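The values are calculated or read from the model by the stated rules, or taken from the named source; none is laboratory data. What you are looking at is a predicted structure, and each value in this text was computed from that prediction instead of being measured. Heads up, the Cβs are rebuilt from the backbone with ideal geometry, glycines too, and the neighbour counts pull from every protein chain shown. We work out accessible area using only protein heavy atoms, side chains counted, and drop any ligands, DNA or RNA first. Shrake-Rupley method; radii C 1.70, N 1.55, O 1.52, S 1.80 Å.
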Amino acid sequence: MPSYEQLFENNRRWAAEKTKGDPQYFERLSAEHNPDYLYIGCSDSRVPANEIMGVEPGEVFVHRNVANLVNNVDLNVMAVINYAVRYLSVKHIIVCGHYGCQGVRAAMQPRDLGILNPWLRNVRDVYRLHKAELDALADQEARYARLVELNVTEQCISIIKTAAVQRSYVNGGFPTVHGWVFDMRTGHLKDLQLDFPQLLRGVQEVYNLTDKDTIF
Ligand code: ZN
């Protein structure tokens, strides 16, 4: 683990590395912000957004919180989504969970977790929605892994319920919402292959926030 002082040393080395052979790198970086991707992931330090996707600064707009939640009364994540869709015109929104998520594990314990109760209630609600499927899994670890996946799916649905996403999609055909899970035991990303148009149609039956009767 680097010392606090080393962080600045690292920073200077990184900045020098970036401008080596490309003296205008930071000039270009500061000139515009136009990423195609919005990534919403867990705060867990072992899941670094840019690195696992192999993208550079400027290529992904990032929001992270405990257990990668998209709660409709969380002004923080809602502002991020609104800004990303309406002003940055991102083409893809990714919710990325990860196996071994401590937030999801904590939510699986039916006990008082203090200030985490209202936050993790979102994950507990996911469990309640999918209780039959989860309870049918006898293996505790398999149930845990499946809850991580279902939590990602439900957060994607939460994104699709926003007016910003629905209106942008009906008018411009983007963004598309994707659910991923990162496996830190292998370093690999798994695409949950969510059927975005189908999810959108399902959501629209109840939550249509466009000014059109149907999206399709
Ligand atoms: Zn996590």
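Structure values in brief
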| read-out | value |
| --- | --- |
| Residue that is nearest to the chain's Cα centre (by Cα), among those in the stretch 18-38 that are under 29 Å from Val77 (Cβ atoms) and surrounded by fewer than 10 Cβ atoms within 10 Å (Cβ to Cβ) | Glu32 |
| Test: residue in the stretch 155-168 that is open to solvent by 80 Å² or more (accessible area, probe 1.4 Å), out of contact with any Leu (no Cβ under 8 Å at 6 or more places or on another chain) and polar (S, T, N, Q) | no |
| Meets criteria (in the same structural domain as Met184 (by TED's automatic domain parsing), outside any helix (DSSP H, G or I) and under 26 Å from Met184 (Cβ atoms)) for Asn122 | no |
| Test: residue in the stretch 39-46 that is basic (Lys, Arg), surrounded by fewer than 17 Cβ atoms within 10 Å (Cβ to Cβ) and more than 16 Å from the ligand (Cβ to nearest atom) | no |
| Qualifying residue in the stretch 185-195 (condition: open to solvent by 60 Å² or more (accessible area, probe 1.4 Å) and of a type in the set (Ser, Thr, Tyr)) | yes |
| Residue within the stretch 121-141 that is closer than 20 Å to Ser168 by Cβ and more than 13 Å from the ligand (Cβ to nearest atom) present | no |
| Given (1) open to solvent by less than 40 Å² (accessible area, probe 1.4 Å); (2) in contact (Cβ under 8 Å) with a residue 40 or more places away in the chain, number of the condition Gly172 does not satisfy | (1) |
| Among the residues listed as Val104, Val70, the single one being surrounded by 14 or more Cβ atoms within 10 Å (Cβ to Cβ), hydrophobic (A, V, I, L, M, F, W, C), in contact (Cβ under 8 Å) with a residue 24 or more places away in the chain and closer than 21 Å to Leu38 by Cβ | Val70 |
| 3 or more residues modelled with pLDDT of 95 or more and in contact with a strand residue (DSSP E or B) (Cβ under 6 Å, 6 or more places away or on another chain): qualifying helices (runs of 4 or more DSSP H) within the stretch 128-216 | 140-160 |
| Flag if Ala15 is within 16 Å of the ligand (Cβ to nearest atom), surrounded by 10 or more Cβ atoms within 10 Å (Cβ to Cβ) and of a type outside the set (Lys, Arg) | no |
| Count of residues meeting criterion [under 21 Å from Val181 (Cα atoms) and either open to solvent by 20 Å² or more (accessible area, probe 1.4 Å) or of a type in the set (Ser, Thr, Tyr) (or both)] in the stretch 107-120 | 2 |
| Qualifying residue in the stretch 80-92 (condition: within 15 Å of the ligand (Cβ to nearest atom) and open to solvent by less than 70 Å² (accessible area, probe 1.4 Å)) | no |
